[in-house]
Each structure stands twice: as structure tokens, then as C-alpha cells.
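Following: one structure in C-alpha cells, then a few remarks.
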Amino acid sequence: MAVLPDEAKFMSEVSFAVQLINSSKQLKKCTQESALKAVVNVAQSGLTLNPIMRLAYLVPRTVRVGANYEVHACLDPSYQGLMKLVTDTGSVKSIMAQIVYEGDQIDIDYASDWKVRHKPAILL
């Protein structure tokens, strides 16, 4: 049996989705069914379409349906959303991200609990 999101969470996500769809020519082309499914998915996932939080996005994608093509609204979690999901479930204790540029030195010690040392090229 599917778990339904609580009504307040769902209505909040509907509000965000309507704002996003109204501000995008491409999202306006999406089927209503795909938009509804995406909103249900975001409400069930624990993420949000709230643009301030930047946890998930509605992305229009052209998909083949039989012999025709339709534009569907697809839920895409951001990297922040994926980090929230894995830390909320306890699968991961912490996550750290750094930008690595060409010329930077990276040392990963697999034997010592995955210790990572990053030396930016500017500091070398």
C-alpha cells in the first residue's frame, strides 16, 4: 500500500509547483498527470520544491509514449537533496564537498578510513 504524504505537505508542494510551472514555458507544456506525480513524489520523499531550500527541481523532459512524444515534469533532487536523503536515513554520517581543479593534488588513503587530503594547486 502506498504511503500518502500528509495534506499540508502536499498542498505546500502543490503551491511551489504551480509557481514553478507558471514561470516556465517548458514546464507549462508538461502533462498534468506527470506534474501531479512529481509533486506526490517530492512530498513523499521528504524533499521540497521550495526554491530557497534548493533540494529538488521540476525538470521538463520529452518522453516517448507509444508512437507520440509528450513533455513530462520530472522530479530531480539536487546534490543538496541527495545529501539530505542519505544523512536523514542514517546511511551516511556526514558529507563534505570541495571543488577540485586541474593541477590539484588529491591523496586518498583507503586503508585508513578513507582519509582524503586535498592540496589546491595554488598552495603547492
At a probe radius of 1.4 Å, what is the per-residue accessible area of Tyr79, in Å² to the nearest 10? 140
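In this model, which of Lys9/Lys84; Lys29/Lys84; Lys25/Lys84 are farther than 26 Å apart at the alpha-carbon?
Lys29/Lys84; Lys25/Lys84
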Mind checking the full-extension length gain between Ile52 and Lys119? Use 0.36 nm per residue of separation minus the Cα-Cα distance, one decimal, nm. 20.9 nm
Considering only the other residues whose Cβ falls under 10 Å of the Cβ of Cys30, what net charge follows from Lys and Arg at +1 and Asp and Glu at -1? +1
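Send over the semi-axes of region 28-124's equivalent ellipsoid, whole angstrom and largest first, taken as the square roots of 5 times the C-alpha gyration tensor eigenvalues.
Details: eigenvalues 278, 63, 32 Å².
Output for region 28-124: semi-axes of 37, 18, 13 Å.
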Student exercise, the chain dipole from Lys, Arg, Asp, Glu Cβ charges, in Debye to nearest 20: 320
If you keep only loop residues by DSSP, which trypsin sites (Lys or Arg not before Pro) in region 16-124 have at most 14 other Cβ atoms within 10 Å of their Cβ? Lys29, Arg54, Lys93
Reduced to Cα centres, the span from region 72-124 to region 9-56 in Å works out to 27
What relative contact order, as a whole-number percentage, does the chain give when Cα pairs under 8 Å and 6 or more residues apart are counted? 18
State whether region 1-77 is rounded, prolate or oblate according to the following rule on the C-alpha gyration tensor (a ≥ b ≥ c being the square roots of its eigenvalues): a/c under 1.5 gives rounded; otherwise a/b larger than b/c gives prolate, and the remaining case gives oblate. oblate
Top of Asp88, Asp109, Asp76 by mean-square fluctuation, Gaussian network on the chain, Cα under 10 Å: Asp109
Just the accessible area per residue of the chain, please: how many Å² with a 1.4 Å probe? 75
Which of Val42, Val59 is most accessible, then next, and so on - probe 1.4 Å: Val59, Val42
First compute the accessible area of the chain with a 1.4 Å probe, then give the percent of it belonging to carbon and sulfur atoms. 58
Probe 1.4 Å, all chains present, heavy atoms only: His118 accessible area in Å², nearest 10, is 40
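What's the extension gain from Val18 to Asp76 if we count 0.36 nm per residue and subtract their Cα-Cα distance? Numbers along the way, then the final one.
On the way: separation 58, 0.36 × 58 = 20.88 nm, distance 1.64 nm.
Difference between extended and current length: 19.2 nm.
The values are calculated or read from the model by the stated rules, or taken from the named source; none is laboratory data. All figures in this text were calculated on a predicted structure; none of them were measured in a lab. For neighbour counting, all protein chains shown are included, and Cβ atoms are generated from backbone atoms with ideal geometry for every residue, glycine included. Please note that ligands, DNA and RNA were not included when accessible areas were found on the heavy atoms of the full protein model with its side chains. Shrake-Rupley method; radii C 1.70, N 1.55, O 1.52, S 1.80 Å.
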